[in-house]
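Taken together, the values in this text are just the output of simple stated rules run on the coordinates, not laboratory data. Worth saying up front: this structure is predicted, and the values here are computed from it rather than measured. In this analysis, Cβ positions are derived from the backbone assuming ideal geometry, glycine residues included, and neighbour counts consider all displayed protein chains.
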Amino acid sequence: MRREEAAGNSSLSQSRCEIEKTPLVEGECQRPGEVHYKGMLLVCGPHAALLELEDRAEAVLGSVFRMDEWLQENGSSGADEEYLGRIRHEREEALAALRLIRVQIRSARKEVLQ
Ligand SMILES: [Zn+2]
């Protein structure tokens, strides 16, 4: 194998965005692939940004659910008030972050369609 082939630069630059291989989006994307998403799919910049935001939203939502569960189990059992307050505050902050991410997702979706 020649050195240039091992580096793989020439073939990589010609690959197309592979967003259609995710369950997220229907249809194909004509932009060139730029970023390796999760080390697997090669996607274009706008799709990479969108996927990352969706991931972050899911992670934050997951933490809100976990806090809800914890509050349900411990909220009325005389748990440390200070600690309870801190969890409630963290939950509020997570929800605020989630709202912000939703706004970013909306504009990322528009970007993808351009
Ligand atoms: Zn794309």
State to the nearest 20 debye the size of the charge dipole of the stretch 3-113 about its Cα centre, where the only charges are +1 on K and R beta carbons and -1 on D and E beta carbons. 440
Lys/Arg +1, Asp/Glu -1 at C-beta; the stretch 30-98 dipole; positive extreme among 60, 83, 44: 44
Relative packing of 30-39, 51-60, 79-88, which averages over residues the other C-beta atoms within 10 Å, highest first: 51-60, 30-39, 79-88
